[in-house]
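Worksheet: one structure, shown below.
Rule-based calculations on the coordinates, nothing more; no lab input. Keep in mind that what you see is a predicted model, and the values were worked out from it rather than measured. Please note: Cβ atoms are built from the backbone with ideal geometry, for glycine as well, and neighbour counts cover all protein chains shown.
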Amino acid sequence: MSGDHSPDTALALAEKLSAEFAQHAAKTDEAAAFPAGNVQRLRETGLLGLLVPSSYGGMGLGLAELSQVARVLGGGCASTAMIWAMHCQQVATLVRHGDERLLRRVLPRVASGDCLLASITTEAGKGGHLLSGLAALEEDGDGHVLRRDAPVVTAGLEADAYLITMRTRPDSPPSDVSLAFVPREDAEVSFRSGWETLGMRGTASVGLTLRTRVSGEQLVNGPGGFPPVAVATLIPVGHLAWCSVWLGVAQGAFRHVVGLLRDPKVRSARDRSELAAHHLARARLKLDTAAAFLQACLDEYVELDARTSAGEGRFSDVAFQLHINGLKVQVSETAFAVVDELVSIGGLRHGYTRSPGNPLERAFRDLRAASLMYANDRLLVANGQLALLDREIRLPGTAGADGTTAFFARTGRDA
Ligand SMILES: Cc1cc2nc3c(=O)[nH]c(=O)nc-3n(C[C@H](O)[C@H](O)[C@H](O)COP(=O)(O)OP(=O)(O)OC[C@H]3O[C@@H](n4cnc5c(N)ncnc54)[C@H](O)[C@@H]3O)c2cc1C
């Protein structure tokens, strides 16, 4: 593990690892196998601790670096990159909302590569709906017990700890949701269902059943404290991290096709036609616009965070919600559309044929999952309702009625 944790060295490390991961990506996909060797490399190089503050032994880097590294890793192996991105989403949640005792216990382990984190929010009966919980914490005389079905858990059997949502008490409404940090060794974890999917096959997003005791100090932001954590961190960091991975997958596919078109041994007159140029230009435009929206949302989040810390902003700001939800919808659709366009350019032989040397059809299957991973339909329904509330129609970077930009709107403190 290097002692130098500058953004440049993290990026150089990511590029090295991405090239390694690319060599195993076809096999990982074929076998739908958890990429254990790749994750071991993430552990031993310190990348699991990218967001862990240096005071806890981590790299002490921020969301800009998270996004860049996720993109680079996405270009090598989509599944490994998503496992890492989701781990970082959980780390950000702990760093920003965990209490000091919990952080001292967990973050040094994350930084040293001993703790891969997984997320358990999805639940049978409520689907993906993030801000509700069905299984409740129950008292059994000795404390609190949780029995939780978890139908889709990325790296579920390999993770060292979980962040799990749950209903706070048996008599609470589904909207009273708590978030608990649960180390794997403290839980009885049973395998429930496998992961045999079209794409993202290496994420090993299996179904599990868990039984565990949960004490008060494991609850992040206290009992019932999940909604503000989700709005301030879990959702925005998740969308930024996932979108970075998807963009990286599409960018890697684009790079592959440009390489084909430039290769005199491969290219044909058809490939160099005006029609191919037209498709390529469209694919490139989609990549560029998705990257620009991602950057705008990243900047908006970082600035809103600074303003919220100063008591001058709030994460529930309508324009910000519209942008961060819209980002997930836009990039998930656009990254897939880019690869679809690239398959047209490559044709049957270079686009649609399954072979280890052709990353396009794998990228096509991997990116098909993006709109399902927290259903775009849910976000669009939410955004349609939010759009009615945003009378100023503040677009990213444009001025609101009070003369501030969407990044600098004075909206008062979070409740
Ligand atoms: C690669 C991958 C990895 C994942 N990893 C994890 C993980 O680690 N942990 C985890 O907890 N989950 C994980 N998930 C689950 C994911 O985040 C979603 O929760 C899950 O895919 C949603 O499941 P669903 O489509 O069955 O259900 P739903 O979200 O219920 O959606 C089903 C369909 O119903 C419709 N629908 C339902 N409700 C509404 C509504 N209110 N408004 C509009 N439309 C609606 C939509 O059309 C939607 O497509 C992962 C998913 C993928 C694809």
Please report, for the Cα atoms of region 119-218, the Rg to one decimal and the Dmax as a whole number; what are they, in angstrom?
13.3, 45
Per q in 0.20, 0.21 Å⁻¹, report the Debye log10 I(q)/I(0) for region 303-378, using one uniform scatterer on each alpha carbon and no solvent.
-0.84, -0.88
Quick one: if you stick a label point 7 Å off each Cα along the C-beta vector at Leu157 and Ala382, how many nm between them?
3.2 nm
The chain, Gaussian network, Cα under 10 Å: of Leu389, Leu42, Leu208, the residue fluctuating most is Leu389
With R₀ set to 51 angstrom, the calculated FRET efficiency between the beta-carbons of Ser215 and Leu372, to the nearest 0.05, is 0.90
Give me the Kirkwood hydrodynamic radius of region 262-358 in Å, from all C-alpha pairs, to one decimal place?
16.1 Å
Once label points are set 7 Å from the Cα along Cα→Cβ at both Ala31 and Arg192, what is their separation, rounded to one decimal in nm?
2.7 nm
Coordinate range along principal axes, alpha carbons of region 7-115, Å, largest first:
43, 28, 19
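Taking only C-alpha pairs under 8 Å that are 6+ residues apart, what is the relative contact order of region 119-218 in percent?
Values: 221 pairs, mean separation 32.2, N = 100.
Averaging sequence separation for qualifying contacts and normalising by length gives 32 percent for region 119-218.
Taking the Cβ of each residue in Thr197, Thr353, Thr93, Thr212 as the centre, tally the other Cβ atoms inside 10 Å and list the residues starting with the fewest. Don't skip to the answer; put the middle values down first.
Details: Thr197 16, Thr353 13, Thr93 26, Thr212 20.
With the fewest neighbours first, Thr197, Thr353, Thr93, Thr212 line up as Thr353, Thr197, Thr212, Thr93.
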Hey, what do the phi angles of region 323-328 turn into as Karplus ³J(HN,Hα) couplings, whole Hz, using 6.51/-1.76/1.60 and θ = phi - 60°, x for Gly and Pro?
5, 6, 6, x, 4, 4
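Please compute the length gained on full extension between Asp142 and Leu102, using 0.36 nm multiplied by the number of residues separating them and subtracting their Cα-Cα distance. List each step's numbers first, then the result.
On the way: separation 40, 0.36 × 40 = 14.40 nm, distance 2.14 nm.
Net length gain for the segment: 12.3 nm.
Once the convex hull of the alpha carbons of the chain is built, what does its volume come to per residue, in cubic angstrom? Before the final figure, lay out the partial values.
Values: hull volume 59.9 nm³, N = 415.
That works out to 144 Å³ per residue.
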Can you compute the FRET efficiency between Arg284 and Asp149 using 1/(1 + (r/R0)^6), with r the Cβ-Cβ distance and R0 = 60 Å? Round to the nearest 0.05.
0.85
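Under unit Cβ charges (Lys, Arg +1; Asp, Glu -1), what dipole magnitude, rounded to 20 debye, does region 7-115 have relative to its Cα centre? Walk me through the numbers before you get to the answer.
Working: 10 positive and 10 negative charges, 59 e Å.
The calculation lands at about 280 debye.
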Just to check I understand the Karplus step: with θ = phi - 60° and J = 6.51 cos²θ - 1.76 cosθ + 1.60, what whole-Hz values come out for region 295-307, glycine and proline as x?
5, 4, 5, 4, 4, 4, 5, 4, 6, 5, 4, 5, 5
Kirkwood-Stokes translational diffusion coefficient of region 200-303, alpha-carbon pairs, 4 °C, 1.567 mPa s, µm²/s:
72 µm²/s
Per the helix-only model, the chain has a calculated mean residue ellipticity at 222 nm (DSSP H runs of ≥4, -39500 (n - 2.57) each, divided over all residues, rounded to the nearest 500) of -16500 deg cm²/dmol
Pairwise FRET efficiency - Ser309 versus Glu44, Cβ, R0 = 35 Å, nearest 0.05:
0.55
Residue by residue through region 341-351, what is 3J(HN,Hα) from phi via Karplus (6.51 cos²θ - 1.76 cosθ + 1.60, θ = phi - 60°)? Round to whole Hz and write x for glycine and proline.
4, 5, 5, 4, 5, x, x, 4, 6, 9, x
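Within region 188-262, which GluC sites (Glu not before Pro) sit in a loop by DSSP and count at most 13 neighbouring Cβ atoms inside 10 Å?
On the way: sites: Glu188, Glu196, Glu217; in loops: Glu196.
Of the GluC sites (Glu not before Pro), the ones in loops of region 188-262 whose Cβ has at most 13 other Cβ atoms within 10 Å are Glu196.
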Return the distance in nm (one decimal) between the two label points of a simple spin-label model at Ser273 and Leu389, each offset 7 Å from Cα along Cα→Cβ.
5.1 nm
Is any residue of region 59-101 close enough, with backbone N under 17 Å, to a label point placed 7 angstrom from the Cα of Glu20 along the Cα-Cβ axis, and if so, which?
69-70, 72-85
